[in-house]
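> If you scroll down you'll find the structure; I have some questions about it.
The values are calculated or read from the model by the stated rules, or taken from the named source; none is laboratory data. Keep in mind that what you see is a predicted model, and the values were worked out from it rather than measured. Here Cβ is always computed from backbone atoms with ideal geometry, including for glycine, and neighbour counts include all displayed protein chains.
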Amino acid sequence: MNELAKLLGVDPKVYNQWQLHWSPEDPAMIFTVLGIVVPIALWFFWTSLNRIGSRSRKFLFFALRLAAFTLLLLMLLKPELEFRKSQSLKNSIAVLLDNSKSLSIKSDDSPRIDLVKKVLKANASYFENLRKDFNVDYYFFSDDIEKVAAGAVEDLYRSYRPFTDLTRVFDELAGRYPGPTLQGILLFSDGADLTQESGEISRNLVDRIKTLAIPIHTLQAGSNEGFKDLAIEAVSASDFGFVQQPLRVSLTVFSSSMGNRNIPLVLKEGDHVLVSKIIEVREDTKRYEVELEFTPQSAGKRIYSLSLPKFSGEFILTNNEKEFEINVVRDRIRVLHLNGRPSWDSRYLREVLAHNPKVDLLSFFILRNIGDDVEAPTTELSLIPFPSNLLFDDYLSSFDLIIFQNFKYDPFIDKKYLGNIRKYVQNGGAFLMIGGELSFQGGGYARTPIEEILPVNFQEINRPFVDETFSLVLNQEFSRHPILRLEKDLELNQEIWRSLPPLQGVNMGLSPDKNAHVLAQYAKGKGAVIPILVAGEFGEGRTALLATDSVWNWNFRNVGGGGSGRYFQRFWNNVIDWLIAEPETRRLQLESDKERYQEGEQALIKFKVLKKNYQPAVGVTVQLAVKPLKEKSSNDTELKTDEQGEGVFPFLSAGEGFYVARIKADLEGESMAEEIMFSVLKDNAEFEKPLVNTTLLKKIAEISGGQHRVLNGSDDLSDYRFANPDVRIKSHSRSFSLWDNWWAYGLVVGFLVMDWFLRRKSGLS
């Protein structure tokens, strides 16, 4: 049989048992053939051999026929040869060792994990004896489990995982042991499972314990006796807020062994104190629910910090502070829109602004100017007095964009307020002037602060506004400018601009200054080119002008012809986005691939540099620095842009906290800079709730039928016994069918062919 096993590719030393199985499809038929048909067939065949004189040859013929019949019958019986190997297996005991961060918290002047290590070392002989009856499997656990060799536990055991989830741990453990092979668990932990409510045990965890149906002995690492700590727990704040809108921050203050005292809680942005509150701490109360409220004053990503004082003797000091980030945004873009007189152009623009959910519009229409011949008193014509002092003195800085549309400032606005607008733009505001008879020179803006901030110079001419029809021509140098991007595809964008209806009415006598971006113009003929759409920058702000009052045609005529007004709307939205300097319109752009990273995770800092005409700036050197927010200085790294004007800087943080990335570039005589912030998180959630959860560990032991013990370092575990150390037999087998193999059929055919050959040679029919 050993030789047959080798022939079949089976190692007889491994598979040391064999058995032959029979599985005929119709046993009754088979036995009928064996009992009746076969004997009769063999008798007739034997008698047919009487003519053969040689007795030996007679027996040879009979043997060949008999062998063929025998093989055919065996094939009908479907024999199957099975080789087996058997293995003796022990049942298992799981030793679960908590390696979450809370095990690093000190109890009795030493980390909780050291207590576990002492107990393991002191009970080495207990575990050795346990292995005589059971497989003893060691696992590190936190929110999952990791099997570790017994000999490697001492070297590898440390507390570093973010948090504990015992429900998931027991789920994963159950999946590793089939049937009743796991006979018990030794659980070494402080019970600091943040998925469980304080003093309670979840239904899911109870169900999992009952499903395991084995004793779980909980060995508690550390105690809360004399545990002194003050902590900020469970900070809850919105991820975003609005400028000038109150924000609420909710949190829990934890106090243990701090006595009776009043403790200040402070909320700060940088070094600026926003809110402070006194928490009246009492010895018999552990937790205090606190709410703070403050109002952000400016937009952007803001970093706020909560802090409690640090007292001597506290077991943990890192949980006395907590930083969090809120992205403060504009509730809506505040736009001041002044119209010199009602018109189709002002009507359609106002509709765009009013229906934009991002825009908070304040619009004034001047229905009557001084000089208009109207036979009615002013009190009957004026809807409200024009609040020039409020708009251009008290509340000017609250607006994100100011639009003058065919508006003559005198006599509604004192000239001194034009200087306020100049200062407003210089400090980062946005200003747009739209053409018409009362704009530019026609509005009396020559040699005023308004002329200073606009990217054109005013010429003295007799007819500053001419009523004539013209088609707008894009300046190809600025084909990538954000204002002109009605479609992302450049060719399609050009086609769209060429298809727009012509315009009617143009402001004359405007000459671009040296820093102006002439985006579109009117080719009047004989070499005369009149700027129509011009953008520019003044100080920290942006300005633009549109030297016509008829772009409403792009909406009215398209819609009237069965088309869409979306390009009219998109144009004005582009103008607004560029003027208020939305991030995607900036020529120096900086971003990180994520806003939050885990400690040890690589951040990708991406940047893009564009020329003044928004073409990619290729091969430009930039200085990039990334540093922790609280550090004063940093080292710049020089990088170059690629063919798309872009680049990537991989950054690996040195630790947790908030980081600032700053980029600087000099291009076309202009210095640009941008910065972003991102955070690197080190999940210290278990430090927020540092107490040993004795209640949870007791309930786990109680529900499972195990025992609970508070470790002291010299514990003797020999009284922990486990039932059913019986040895299980696990078998593996390999089976080979003998009836449907080619060689079986080959033998049958071989016997029959040999019989036929010999009969022919002997002269038998």
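> Would you point out which residue out of 453, 403 is touching a Ser or Thr at 6+ places or on another chain (Cβ under 8 Å) and of a type in the set (A, V, I, L, M, F, W, C)?
It is 453.
> Shifting gears a bit: Across the stretch 156-188, what is the number of residues that are farther than 12 Å from residue 94 by Cα, touching a helix residue (DSSP H, G or I) at 6+ places or on another chain (Cβ under 8 Å) and surrounded by 15 or more Cβ atoms within 10 Å (Cβ to Cβ)?
Selection size over the stretch 156-188: 9.
> With the requirement that a residue be under 26 Å from residue 598 (Cβ atoms) and either of a type in the set (D, E, K, R) or outside the structural domain of residue 112 (by TED's automatic domain parsing) (or both), what does the stretch 127-165 give you?
Scanning the stretch 127-165 gives 143, 144, 146, 147, 155, 158, 161, 165.
> For the stretch 389-498, which strands (runs of 3 or more DSSP E) that fit wholly inside it have 1 or more residues that are surrounded by fewer than 20 Cβ atoms within 10 Å (Cβ to Cβ)?
Because the criterion is at least 1 residues that are surrounded by fewer than 20 Cβ atoms within 10 Å (Cβ to Cβ), the strands (runs of 3 or more DSSP E) in the stretch 389-498 that meet it are 456-458, 465-470.
> Now for a separate question. List the pairs whose first member sits in the stretch 240-256 and is among the basic types (Lys, Arg), whose second member is surrounded by 14 or more Cβ atoms within 10 Å (Cβ to Cβ), and whose Cβ atoms are under 9 Å apart, counting only residues at least 6 apart or on separate chains?
248/237; 248/292; 248/294
> So residue 638 passes all but one of these: (1) part of a strand (DSSP E or B); (2) touching an Asp or Glu at 6+ places or on another chain (Cβ under 9 Å); (3) surrounded by fewer than 16 Cβ atoms within 10 Å (Cβ to Cβ). Which condition number does it fail?
The single condition residue 638 does not satisfy is (2).
> Another question, then. State which residue is nearest to the chain's Cα centre (by Cα) when the search covers only the stretch 288-330 and only residues that are in a strand (DSSP E or B), charged (D, E, K, R) and over 30 Å from residue 399 (Cβ atoms).
Residue satisfying both the conditions and the ranking: 323.
> Looking at (1) over 29 Å from residue 714 (Cα atoms); (2) in contact (Cβ under 8 Å) with a residue 60 or more places away in the chain; (3) of a type in the set (A, V, I, L, M, F, W, C), which one does residue 182 not meet, given that it meets all the others?
(1)
The rows are residues; the columns are (1) at pLDDT below 95; (2) hydrophobic (A, V, I, L, M, F, W, C); (3) within 23 Å of residue 551 (Cα to Cα).
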site: 403; (1), (2), (3): no, yes, yes
site: 413; (1), (2), (3): yes, yes, no
site: 421; (1), (2), (3): no, yes, no
site: 424; (1), (2), (3): no, no, no
site: 442; (1), (2), (3): yes, no, yes
site: 456; (1), (2), (3): no, yes, yes
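> Follow-up question, since we're still on this one. Quick check on the stretch 338-352. Is at least one of its residues touching a residue at least 40 places away in the same chain (Cβ under 8 Å), in a helix (DSSP H, G or I) and within 26 Å of residue 393 (Cα to Cα)?
First, pick out the residues of the stretch 338-352 that are touching a residue at least 40 places away in the same chain (Cβ under 8 Å): 338-341, 343-349, 352.
Keeping just the survivors that are in a helix (DSSP H, G or I) gives 344-349, 352.
Those still in the list that are within 26 Å of residue 393 (Cα to Cα) too: 346, 349.
Taking every residue of the stretch 338-352 in turn, at least one turns out to be touching a residue at least 40 places away in the same chain (Cβ under 8 Å), in a helix (DSSP H, G or I) and within 26 Å of residue 393 (Cα to Cα).
> Scan the helices (runs of 4 or more DSSP H) fully inside the stretch 101-197 and keep the ones with 3 or more residues being of a type in the set (Lys, Arg).
Counting at least 3 such residues, we get 112-122.
> Which of (1) modelled with pLDDT of 90 or more; (2) within 30 Å of residue 299 (Cα to Cα); (3) among the hydroxyl-bearing types (Ser, Thr, Tyr) is the odd one out, the single condition residue 157 does not satisfy?
Condition not satisfied by residue 157: (2).
> Output the qualifying pairs, or none if there are none: Cβ atoms under 9 angstrom, residues six or more apart or on different chains, first residue in the stretch 546-565 and farther than 20 Å from residue 470 by Cα, second residue modelled with pLDDT under 75 and surrounded by 22 or more Cβ atoms within 10 Å (Cβ to Cβ).
none
> Which of the residues that make up the stretch 213-242 are crowded, with 18+ Cβ neighbours inside 10 Å and more than 34 Å from the chain's Cα centre (by Cα)?
214, 215, 216, 217, 218, 219, 220, 221, 222, 223, 227
> Further question: Quick one: what pairs do we get from the stretch 263-279, first residue within 14 Å of residue 320 (Cβ to Cβ), second acidic (Asp, Glu), C-beta under 9 Å, 6+ apart or different chains?
263/280
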